[in-house]
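The values are calculated or read from the model by the stated rules, or taken from the named source; none is laboratory data. Please read all numbers here as calculations on a predicted model, not as lab measurements. Cβ: placed from backbone, ideal geometry, glycine included. Neighbour counts: every protein chain shown.
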């Protein structure tokens, strides 16, 4: 996938006449995937490429930083997920207070017409753009007729009786409901990072763990989870603890520690991904190390039964 930044980079030659989807795409959930499916179909019909246009920083970080939500993905995770979904190009617009003051017509002319030369532009049903979010889909369609591109929108994707959104997924994760978040995402929620040295308490207890240093902003609610740990294209079932380790830790710093089931690997310094499958229990303080070990043994057994059912 080709990545270009506005206004720093020129338009890649392959993008001429591209079919473009605009949005933040945080999480790249099932609603986003429907939008991507549409631009892939349209691009194939036109003999061009599907391009996703997104913004960095996330606009709320610029417009109302005190209320900006934590992001579901790092930029790297987003790029990989979009590429896996079949996106050929990622156009990253450098968002700023100056750009926030642009009238909708200015955004369309500078970015969609002069830079991208888009043939079609697709958005979600709630898409608004330009100064004070004054640009609507109706205006986008009118401007498209003026500037020579087609504008289309997709209806919201529902799960049960509600609309799938990044906001709802964030709430589910902060409540520890990772299996429900997975249903909205279309895959397990995952955090990634480098394995760093810890205090090696898990090894002393007979359950060595990989301690993850991650740039992901949003961790699921503290607790113990059945997870899938992936490194270099291979995955292993695991039990992961998120929290402050009240029995053996200092009770201050939040850690992400994963114990792989049935595998002993030297992971220090390697990059891995932890995908959350199901919450097992709350984090808790135990009277002694013996009680902690007994509980970890039970956690491993519970996770093993779960993965046996899932054929992992």
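Could you run through the stretch 108-122 and say how many residues are over 21 Å from residue 8 (Cβ atoms) and surrounded by 21 or more Cβ atoms within 10 Å (Cβ to Cβ)? Total meeting the criteria: 3. The set of residues in the stretch 220-234 being surrounded by fewer than 20 Cβ atoms within 10 Å (Cβ to Cβ) and in contact (Cβ under 8 Å) with a residue 12 or more places away in the chain consists of 221, 222, 223, 230, 231, 232. Exactly one residue among 38, 11 is out of contact with any helix residue (DSSP H, G or I) (no Cβ under 7 Å at 6 or more places or on another chain) and either touching a residue at least 24 places away in the same chain (Cβ under 8 Å) or closer than 21 Å to residue 140 by Cα (or both), and that residue is 38.
Looking across the stretch 70-80 at every residue that is in contact with a helix residue (DSSP H, G or I) (Cβ under 9 Å, 6 or more places away or on another chain) and surrounded by 15 or more Cβ atoms within 10 Å (Cβ to Cβ), the one that is farthest from residue 171 (Cα to Cα) is identified as 73. Looking across the stretch 255-285, the residues that are free of Cβ contacts under 8 Å to residues at least 60 places away in the same chain, out of contact with any helix residue (DSSP H, G or I) (no Cβ under 7 Å at 6 or more places or on another chain), within 30 Å of residue 80 (Cβ to Cβ) and not in a strand (DSSP E or B) come down to 262, 263, 264, 265, 266. If you go through the stretch 183-209 and keep only what is in contact with a helix residue (DSSP H, G or I) (Cβ under 9 Å, 6 or more places away or on another chain) and either modelled with pLDDT of 95 or more or part of a strand (DSSP E or B) (or both), you end up with 183, 184, 185, 186, 187, 188, 189, 190, 191, 192.
Of all residues in the stretch 259-270, those being in contact with a strand residue (DSSP E or B) (Cβ under 7 Å, 6 or more places away or on another chain) and either over 15 Å from residue 228 (Cα atoms) or surrounded by 15 or more Cβ atoms within 10 Å (Cβ to Cβ) (or both) number 7. Scanning the stretch 51-76 for residues that are without any contact (Cβ under 8 Å) to a residue 40 or more places away in the chain and more than 22 Å from residue 39 (Cα to Cα) yields 57, 58, 60, 61, 62, 63, 64, 65, 66, 67, 68.
Going residue by residue through the stretch 98-107, is there one that turns out to be touching a residue at least 40 places away in the same chain (Cβ under 8 Å) and either assigned to a helix (DSSP H, G or I) or within 18 Å of residue 19 (Cα to Cα) (or both)?
Kept after step one, since they are touching a residue at least 40 places away in the same chain (Cβ under 8 Å), are these residues of the stretch 98-107: 100.
Okay, now just the ones that are also either assigned to a helix (DSSP H, G or I) or within 18 Å of residue 19 (Cα to Cα) (or both), so 100.
Yes, the conditions are met somewhere in the stretch 98-107.
For the stretch 286-312, name all the residues that are in a loop (DSSP other than H, G, I, E, B), on the phi < 0 side of the Ramachandran plot and exposed (fewer than 11 other Cβ atoms within 10 Å of the Cβ). Spell out the reasoning first.
Residues of the stretch 286-312 in a loop (DSSP other than H, G, I, E, B): 286-288, 311-312.
Okay, now just the ones that are also on the phi < 0 side of the Ramachandran plot, so 286-288, 312.
Result: 287, 288.
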